[in-house]
Amino acid sequence: MRRVISTNGALLLVGLLAVTLMTGCTRSRSTDRAKVLEAENINLRQKATTMEQQMRSAHVAQDDTIAREQQLRAELVAARQDGEAAEAARAQALAARTRLIDTQNDLSKAELALIESNRRFEALQRERIQPVQPAPRAVASRGGPTRLRMGGASPQAEAMRRDLQSQLSSYGVRGLKVEVRTDNTGTERVAIVLPDAFPSGKATLAYNASAVKAVISVGKMIKNHYPNSSVVVEGHTDSDPIRKSGWGTNENLSRARAGAVENLLTNSGVPARSVSTEGFGAARPLAQGNTKRAKSRNRRVEIFISPRS
């Protein structure tokens, strides 16, 4: 009986020990599992924090990108507006330049018409005053070609030439020659020669300050030293035909250039009634041929002073 109890007690003890060991093992595994889960939880929280930071950074970058895109779009719109404004300004400037050129051309044509009208009026006045008298020796006949006297001028013409050259020097005029001209009747005149001074195809001296100054000085000299003189201004061109300008012919251009010089003389004090103009185009060349030197010599305006008795 006692042996049975002992055996049962031993079995019970073994069972209790087994249960105790199993409970201890279960508790140990639960503790280890809890620790693992806690570590994983901490790791997950760290990852979540990192991802939140990355998300916030991504949102900030996205906001910056959107703001930059909006700024670039605004700059593009402003650039397009500036480009359109610049294009409009260029178009307005071109239109204004075109209007200015047209106005200048109209003014030049009006000046030409006025010069021609004045020339005709003065011619009628001269015919009315001297209907049958031949031209005096100091004013050459308009009928024949003019040639340059290289030497052998009469004492009177040479004296006039030297006096004019001296007077020009005293007024500080440089670059203007004084030469003797004769026509086919032998009549002599003394010319103050304004050489190739006008831009191609134009009838204004505004682009040539030295030529303007020289003509003004000639006008003052005539006013002070030849106050009772008759002054004739002749315009001459080379033989190249008119192609681009609105003058039509070399004769028209030469008359307009003579008129421009006439205006400067009268503005310098020479009485308008004492000055007349002629335009001969290429009809009276000083040099033959088509070289640049010959053409430059033929493009000229000549001022003739004839003292009245």
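A few remarks follow.
- Each residue of the range 64-80 was assigned a 3J(HN,Hα) from its phi angle through the Karplus expression (A = 6.51, B = -1.76, C = 1.60, θ = phi - 60°), giving 4, 5, 5, 4, 5, 4, 5, 5, 5, 5, 5, 5, 5, 4, 5, 5, 4 Hz with x at Gly and Pro.
- Distance violations [Cα-Cα > 22 Å] among 213/292; 202/223; 177/244; 177/292; 213/295: 213/292; 202/223; 177/244; 213/295
- Hz values of 3J(HN,Hα) by residue in the range 226-236 - Karplus curve (6.51, -1.76, 1.60), Gly and Pro given as x: 9, x, 9, 7, 8, 10, 10, 10, 10, x, 9
- Summary of packing: across the peptides 267-275, 279-287, the per-residue average of other C-beta atoms within 10 Å ranks them, highest first, as 279-287, 267-275.
- DSSP-defined beta bridges in the range 229-302 - what % are antiparallel, rounded to 5: 40 percent
- Sequence-distant contacts, meaning Cα pairs under 8 Å at least 6 residues apart, place the relative contact order of the range 134-307 at 27 percent.
- 5 angstrom amide H check on residue 230, placed H, neighbours 5+ away: 306, 308
- Theoretical FRET efficiency, 1/(1+(r/R0)^6), r = Cβ-Cβ of residue 42 and residue 65, R0 25 Å, to 0.05: 0.15
- Amide H contacts under 5 Å for residue 281, placed H, 5+ residues apart: 237, 254, 255
- Taking 0.36 nm per residue of separation and subtracting the current Cα-Cα distance, fully stretching the chain between residue 81 and residue 93 would add 2.5 nm.
- Amide H to amide H distances under 5 Å link residue 190 with 181, 305, where only residues 5 or more positions off or on other chains count and H is placed in the peptide plane.
Each reported figure results from applying straightforward, stated rules to the coordinates on display, with no laboratory input. The model shown is predicted, which means the values in this text are computed figures rather than measured ones. Virtual Cβ from ideal backbone geometry, glycine too; neighbours counted across all protein chains shown.
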